[in-house]
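Engineer: Supplied in structure tokens, the structure appears directly below.
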Amino acid sequence: EQNLKNARELFESYLQGVFEKKVHGNKFETLESLCELVVDCEHKTAPIQDTGYPSIRTPNIGKGELILENVNRVSYDTYIKWTNRAVPKAGDLILAREAPAGNIAVIPENLEVCLGQRTVLIRPKTDRLISKYLAYLILSKDVQEILLSHSTGATVQHINMKDIRAFKIFDLSSLDEQRNIVNQLDTLRIETQKLEAVYRKKIADLEELKKSLLQKAFNGEL
């Protein structure tokens, strides 16, 4: 269990080191200025059905990736209405404004989605900002603390649209530097995920062994 925790912390620590100089400085640009779109969701619940277009709610937004297991689905008519402000496309990001506030994911290729409640669609300018770089930046510890420091809500953290649009990015890296950083982080993430899978399997095996030994003990077989 400690090794599993260490594997997770290894990636988070590296992520923090990469972006620790991007939250302070003299030269900055706002997120809004670096994006084509920063669009809020519809503030009502979409009617759902068994099949159709995925409606991305906050539980479907992970750490860089969408979680489509048990996703709500909507009809074509609902999809059209819920994408009236902007049609999400591959490479766009969806940010959770609540529960859990601060999670962000990149929309993959060949997936048509609409926004559920308490989410924000972000479309970076491709000549300035790589989507996955922005996702990693927002997921880094210091940036999360800055975003959530403006959070409102007694029991549920909530990020305001004005704070998202006004978020400052200091000393933006060139596109080549962004690509290199994304490649390094992707590689490390894959390796740490492999480690996590190994440790989770070992924990599961040990739990099964414990149950087996206890059963034998109760049956007087030891």
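Engineer: Taking semi-axes √(5λ) of the Cα gyration tensor in Å as the quantity of interest, determine which of (i) 35, 25, 16; (ii) 34, 25, 13; (iii) 28, 23, 17 was computed from the displayed structure.
Structural biologist: Answer by label: (i).
Engineer: Let me ask something else. Let me know the shape class of the stretch 58-125, please: from the alpha-carbon gyration tensor, a ≥ b ≥ c as square roots of the eigenvalues, rounded when a/c is under 1.5, otherwise prolate if a/b is greater than b/c, or oblate.
Structural biologist: Taking the square roots of the gyration eigenvalues as a ≥ b ≥ c, the stretch 58-125 is rounded.
Engineer: Roughly how far apart, in whole Å, are the Cα centres of the stretch 54-132 and the stretch 1-38?
Structural biologist: One Cα centre to the other: 20 Å.
Engineer: Which of the lysines could a cross-linker span from Lys89 if the Cα-Cα distance has to be under 30 Å and same-chain partners fewer than 8 positions apart are dropped?
Structural biologist: Lys22, Lys44, Lys63, Lys81, Lys125, Lys132, Lys141, Lys162, Lys168, Lys194
Engineer: Please compute the length gained on full extension between His150 and Arg85, using 0.36 nm multiplied by the number of residues separating them and subtracting their Cα-Cα distance.
Structural biologist: 20.9 nm
Engineer: Sticking with this one: Would any residue of the stretch 113-154 have its amide N under 18 Å from a label point 7 Å out along Cα→Cβ of His24? List them or say none.
Structural biologist: 140-150
Engineer: Taking R0 as 22 Å, what's the FRET efficiency between Leu68 and Arg200 from their Cβ-Cβ distance, rounded to 0.05?
Structural biologist: On the way: r = 21 Å, r/R0 = 0.95.
Calculated value: 0.60.
Engineer: Share of the stretch 1-123's accessible area from carbon and sulfur, percent, 1.4 Å?
Structural biologist: On the stretch 1-123, the fraction of accessible area on carbon and sulfur atoms equals 46 percent.
Engineer: I would also like to ask the following. Can you tell me how much longer the chain between Ser33 and Asn110 gets when fully stretched, taken as 0.36 nm per residue apart minus their C-alpha distance, in nm with one decimal?
Structural biologist: Answer, rounded to one decimal: 25.0 nm.
Engineer: What number comes out for accessible area per residue over the chain if the probe is 1.4 Å? Units Å², please.
Structural biologist: I get 57 Å² per residue for this part.
Engineer: Take each uninterrupted DSSP H stretch in the chain, measure its Cα extent along the helix axis, and return the ones at 24 Å or beyond whose mean Kyte-Doolittle hydropathy is at least 1.6.
Structural biologist: none
The values are calculated or read from the model by the stated rules, or taken from the named source; none is laboratory data. Quick caveat, the model's predicted, so the values are computed rather than measured. All Cβ positions, glycine included, derive from the backbone under ideal geometry; neighbour counts span all protein chains shown. In case anyone asks, the SASA skips ligands and DNA or RNA and just uses the protein heavy atoms, side chains included. Shrake-Rupley method; radii C 1.70, N 1.55, O 1.52, S 1.80 Å.
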